[in-house]
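Read the structure below first, then the notes.
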Amino acid sequence: MTGERDGSFKRWFWRPPRPHGETIADRQVSNLELFYDLVYVAVIGQAAHHVAEHVTVRGLAEFAVVFALIWIAWINGSLYLELHGRQDGRTRSIVFAQMGILVLLAVFTEHAADTSGRSFALVYAVFLAVQTVLWFTVSLQDRRDHPEYLAAAGGYVVGMAVSVVVILASAVLSATPRLVVWAGFAVAWIVGIVLAARSSRVGLGLTPTDSLVERFGLFTIIVLGEVVLGVVAGLSAAERDAKTVITGLLALWLGFGFWWIYFDLVGRRLPRADGGALSSWVMSHLPITGSITAAGAGMVSLIGHAHDGRTPAGTGWLLAGAVAAGLLALVVSERALVDAERLSTVFGPLGSALAAGAVAALVVGWARPAPWLLVLLLVAILSAVWFFAVSRFLRADAWGEP
C-alpha cells in the first residue's frame, strides 16, 4: 500500500508536459499562474521607475527596449503554461524556479540600460535557457505523440537557443551597443512570431481560449497597477495642497479610463483562431501594456509639476504619446476579435474613433496645458471614445455582452 502511494505521488509530481494539440477548452487560470504574474509587478515596477526618473527621449527608448524584453519573457512563460502546463508538482516546481529568477531580474531592471545591464543580461539569459529546456521537452513529446507539430516546435527551440546566445553575448558590450542588440532582439522576436503565425500550417497549437484571454487581461491589470503606484509615488513626494491632490486624482482617473476602454472593448473577448488575427491580437498587447506602464511612470513628474503653468515637454509628450499609442494598438487588437465580424456595426467604426482619439491626444501633448488640464483633457478623450463605443453597442443591442 505504501509503495502504491509513493508511486502515485511520483507520477503526480513528475508528469511529462502536456503535448501540443491537447488544448483544454474549459481551462481556468490557476492560483499558481496568478502568483507567477504577480512577480512581474516587481520587474515592471523597476522598469517604470527608470523612466519616471528619466523623462527624456533616451529614457523612454531605454524603457521601451527593457519593457519589450520583460514582455517577451512573460509571453514565453505564459504560453508554456497555457499549452503544456498541468496541475502537478513538476509544473509547480518549474514555475517557482522561474519566479526566483524573475525576482533576481527585478533587482537589475531599473538600471538595465546602463550600470546593471551586464547583470540583467546574464539573469535574463538564464531565464531564457530554462524556457529553452522546457520547450525542448515538449518537442520530445511531439516526436512521439504529435509529429505534425515537430517542425514548428523544433524551430521554436532553435529560436530560443539562439536567443540565449545573443543575450549572453550582449553582456560583454558597453551600454549603448548592448541596448541596440536588445532592441534588435525584441524586433526579431516580434517579427518572428508574426511571420510564423501567418505562414505555419500547424503552428504551435495555440488556439483562443477563455483562459488565454484571461491571462492577457490579468497582465493588463498588473500594468494598470503601475498607474496607481505612479500616482501614490507622485503624491508622496510632492507638497500635498489642493492643486497637487486634484492633479493626482485626475491622473488616477486616466488609469481608470484605460481600464474602461480595454475591458469593455477588448478584454474578455476571444480573438479569431486564424494565425494572422491571433498573432495580431497577441502582439498588440505589447504596445497596449507598455503604453499603460509608461503613463503610470509619467504620473510622478506630472504631479511633481502640478503648480507649473504648462506641463513640461517631456512629461506632456510621454502621457499624450502613451494614450495615443495605446489607442492605436487597440485598433489592431479589436480588429482581430471574433466580435469584429459578429458585431461589425459596432467594431467597424470603432477603429476610426480610436484613431481620432489618438490624434486628439497628440494635439493635447503638443499644446502642453497646465498639468491638471492636460490630464483632464486626456481623460475626456478616453471618455469620449468609450461613450462612442457604448452608443454603438446599444444600437446593436449588444451592450453588456462579454
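Of note:
- Applying a threshold of 9 Å to beta carbon distances and a minimum spacing of six or more residues, or different chains, the list of pairs starting in the range 305-332 at a residue that is farther than 18 Å from residue 386 by Cβ and open to solvent by 10 Å² or more (accessible area, probe 1.4 Å) and ending at one that is among the hydroxyl-bearing types (Ser, Thr, Tyr) and not in a helix (DSSP H, G or I) reads 305/311; 314/56.
- Residues that are farther than 17 Å from residue 334 by Cα, modelled with pLDDT of 90 or more and either open to solvent by 30 Å² or more (accessible area, probe 1.4 Å) or in contact with a His (Cβ under 8 Å, 6 or more places away or on another chain) (or both), drawn from the range 201-230: 218, 219, 221, 228, 229
- Figure legend. Inter-residue proximity from the range 252-278: first residues outside any loop (DSSP other than H, G, I, E, B), second residues β-branched (Val, Ile, Thr) and at pLDDT 90 or above, beta-carbon distance below 6 Å, spacing 6+ or different chains. Indicated pairs: 252/231; 253/379; 254/375; 254/379; 255/227; 257/379; 258/292; 262/220.
- Matching residues, the range 386-400, being within 20 Å of residue 256 (Cα to Cα) and modelled with pLDDT under 90: 399, 400
- Residues (surrounded by fewer than 19 Cβ atoms within 10 Å (Cβ to Cβ), assigned to a helix (DSSP H, G or I) and of a type in the set (Gly, Ala, Ser)) located in the range 356-388: 356, 367, 380, 383, 384
- Hits in the range 139-174 - residues which are open to solvent by 30 Å² or more (accessible area, probe 1.4 Å) and closer than 20 Å to residue 116 by Cβ: 166, 168, 169, 172, 173, 174
- The residues of the range 91-122 that are β-branched (Val, Ile, Thr), closer than 21 Å to residue 51 by Cβ and either open to solvent by less than 10 Å² (accessible area, probe 1.4 Å) or assigned to a loop (DSSP other than H, G, I, E, B) (or both), listed by number, are 109, 115.
- If you go through the range 333-355 and keep only what is aliphatic (A, V, I, L, M), in contact (Cβ under 8 Å) with a residue 60 or more places away in the chain and surrounded by fewer than 20 Cβ atoms within 10 Å (Cβ to Cβ), you end up with just 338.
- If you go through the range 123-138 and keep only what is more than 23 Å from the chain's Cα centre (by Cα) and open to solvent by 10 Å² or more (accessible area, probe 1.4 Å), you end up with 133, 136, 137.
- Residues that are in contact (Cβ under 8 Å) with a residue 60 or more places away in the chain, open to solvent by 30 Å² or more (accessible area, probe 1.4 Å) and either in contact with a strand residue (DSSP E or B) (Cβ under 8 Å, 6 or more places away or on another chain) or not in a helix (DSSP H, G or I) (or both) within the range 62-90 comprise just one, 86.
- Contact map, the range 106-131: first residue at negative phi, second residue open to solvent by 30 Å² or more (accessible area, probe 1.4 Å) and not in a helix (DSSP H, G or I), Cβ cut-off under 7 Å, separation 6 or more or different chains; pairs are 116/108; 119/108; 120/108; 123/108.
- Hits in the range 45-58 (condition: modelled with pLDDT of 90 or more and touching a helix residue (DSSP H, G or I) at 6+ places or on another chain (Cβ under 6 Å)): 46, 47, 48
- Among the conditions (1) outside any helix (DSSP H, G or I); (2) at pLDDT 85 or above; (3) of a type outside the set (S, T, N, Q), the only one that residue 22 does not satisfy is (2).
- Taking the range 298-345 as the range and being over 18 Å from residue 217 (Cα atoms) and part of a loop (DSSP other than H, G, I, E, B) as the test, the residues that pass are 305, 306, 307, 308, 309, 310, 311, 312, 343.
- Residue that is nearest to residue 224 (Cα to Cα), among those in the range 276-290 that are modelled with pLDDT under 90 and touching a strand residue (DSSP E or B) at 6+ places or on another chain (Cβ under 7 Å): 278
The values are calculated or read from the model by the stated rules, or taken from the named source; none is laboratory data. These numbers come from a predicted model, not from an experiment. When we count neighbours, we look across all protein chains shown, and the Cβ atoms used for this are built from the backbone with ideal geometry, even at glycine. All accessible areas refer to the heavy atoms of the entire protein, side chains included, with ligands and DNA or RNA removed. Shrake-Rupley method; radii C 1.70, N 1.55, O 1.52, S 1.80 Å.
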